[in-house]
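The values are calculated or read from the model by the stated rules, or taken from the named source; none is laboratory data. Here the structure is a predicted model, which means the values were calculated and not measured. So basically every Cβ, Gly included, is an ideal-geometry build from the backbone, and we count neighbours across all protein chains shown.
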Amino acid sequence: MNLFKDIEHLIRLAVVIVVLLLVFVVLRVAVVPHSFGEYGHYRGDAIQEVAARPISFAGHAVCEDCHTDVVDQKKLGKHVVVSCEACHGAQARHVEDPGSVKPAKLDTAILCARCHEANSAKPKGFPQVATADHSAGLACDTCHQPHRPKIETAAKNEAGGRK
Amino acid sequence: MDITRRRLLMLLPAAAMAWKYVQAGTPEAAPNYKLTEHWWAMLIDIPKCIGCGSCVRACAEENDVPEGYYRTWIERYHVADWKIERPDVESPDGGKNGFPPHADEGGKNFFVPKLCNHCADSPCTQVCPVGATFVSPDGVVLVDKNYCLGCRYCVQACPYGCRFINPKTNTAEKCTLCYHRITKGLTTACCEVCPTGARQLADLKNPKDPIHEYLRTHTVQVLKPHMATGSKVFYNGMDGSVR
């Protein structure tokens, strides 16, 4: 008895299966990104791609390298905890090219009110004013120095501001 | 070896494959940053939040978030004395331009900043059919926008409503915890500009991070703890009415 007498059809079937397997393997290699599965069920390179985005906010540590005079001023007042870019906006481009990219001039009437406009939901200890009747339309920096906001006595008498 | 026409033709496919890899380039890797040495989280101190909207504006600028969509936003809660279970919650423009005074000054009023909770067991990554969103080895939930289909499963799955479809790219988008900043040793844009320190980036794998002492000494909660998402945005002083 010869087991392998009539196996031609089986060989044909085997060839078809092997070819299909090869096609599958080739397609899979071509379609699946090479870093897929590096850390989990996702493209490992995606992590670096997200991390490669350029920054807009430079961070206060960089500002303090150059603007030491402002740092000294801020240390004397309550705004020491406020980072530079909270008011001055994103300055990464200014850090790259301090000569030609200058921060915009700020309008204290808008800027100060963002934080200090009175609102019942703000924490009770936080200094708040109703800007409409606090300054009679004067810009905040007429009396307050933004980097060191507590009013010196002379300036207060001159402008007639009230707490 | 002479370059015959036949040999040149045989080399061409190989050269084409090599050129494809050259064009793809190697993505810029942050120096000295090891994925396995960090586990990022955030601390939000509700009694310190003044609802100024600095975080929302900074986030939009840093991450180019489209107008009308928010990766982080601020909610104002107004809890009337007799309805702690049904607080009034509002967030005009995500709190980007601050909040107008509330008509009813009574009851309890406070701000709650919200953002992606960067869940350790996040529902949004589990539903992605193609593996386009994932928890990175350093604990940040990210979206691979080159791989995302825009099917919106993850937008529905997030119990905190932190995802949206970017109308320009038609892919899912969310807070990356400023991944491009924290891998360079900076803090997130929202934490950078927060004037009262109500937001703090924290690294739970760094034993010297002040977060550990803070968590030991304060009563800190996460949002929707019953959903067991492993949320890593910790809220201090959160009212029971916050959802």
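Could you give me the residue pairs with C-beta distances under 7 Å whose first residue belongs to segment B:106-135 and is more than 24 Å from B:Tyr235 (Cβ to Cβ) and more than 12 Å from chain A (Cβ to nearest Cβ), whose second residue is surrounded by 23 or more Cβ atoms within 10 Å (Cβ to Cβ) and modelled with pLDDT of 95 or more wherever it lies, and which are 6+ apart or on separate chains?
Listed by first residue and then by second, the contacts come to B:Val127/B:Cys154.
Within the group B:Glu61, B:Glu75, which residue is under 17 Å from the mean Cα position of the chain (by Cα), within 13 Å of chain A (Cβ to nearest Cβ), surrounded by fewer than 18 Cβ atoms within 10 Å (Cβ to Cβ) and at pLDDT 95 or above?
Going through B:Glu61, B:Glu75 in turn, the sole match is B:Glu61.
Scan segment B:209-223 and give yes if some residue there is away from every other protein chain (no Cβ under 14 Å), under 30 Å from B:Val130 (Cβ atoms), in contact with a strand residue (DSSP E or B) (Cβ under 9 Å, 6 or more places away or on another chain) and at pLDDT 95 or above, otherwise no.
Checked against the condition, which is being away from every other protein chain (no Cβ under 14 Å), under 30 Å from B:Val130 (Cβ atoms), in contact with a strand residue (DSSP E or B) (Cβ under 9 Å, 6 or more places away or on another chain) and at pLDDT 95 or above, segment B:209-223 yields at least one hit.
In the list A:Gly59, A:Gly137, A:Gly99, A:Gly44, which residue meets the criterion of being more than 18 Å from A:Lys150 (Cβ to Cβ) and within 8 Å of chain B (Cβ to nearest Cβ)?
Result: A:Gly59 is the single residue among A:Gly59, A:Gly137, A:Gly99, A:Gly44 that is more than 18 Å from A:Lys150 (Cβ to Cβ) and within 8 Å of chain B (Cβ to nearest Cβ).
Please go through segment B:210-225 and pick out each residue that is part of a helix (DSSP H, G or I) and under 20 Å from the mean Cα position of the chain (by Cα).
B:Ile211, B:Pro225
Spot the failing condition for A:Asp69; the list is (1) of a type outside the set (Phe, Trp, Tyr); (2) at pLDDT 90 or above; (3) over 21 Å from B:Cys191 (Cβ atoms); (4) assigned to a loop (DSSP other than H, G, I, E, B), and only one is missed.
(4)
Scanning segment B:183-208 for residues that are surrounded by fewer than 16 Cβ atoms within 10 Å (Cβ to Cβ) and more than 10 Å from chain A (Cβ to nearest Cβ), which turns out nearest to B:Asp138 (Cα to Cα)?
Selected residue: B:Lys205.
If I go through segment B:79-99 residue by residue, how many of them are out of contact with any Phe, Trp or Tyr (no Cβ under 9 Å at 6 or more places or on another chain) and crowded, with 16+ Cβ neighbours inside 10 Å?
Number satisfying all stated conditions: 1.
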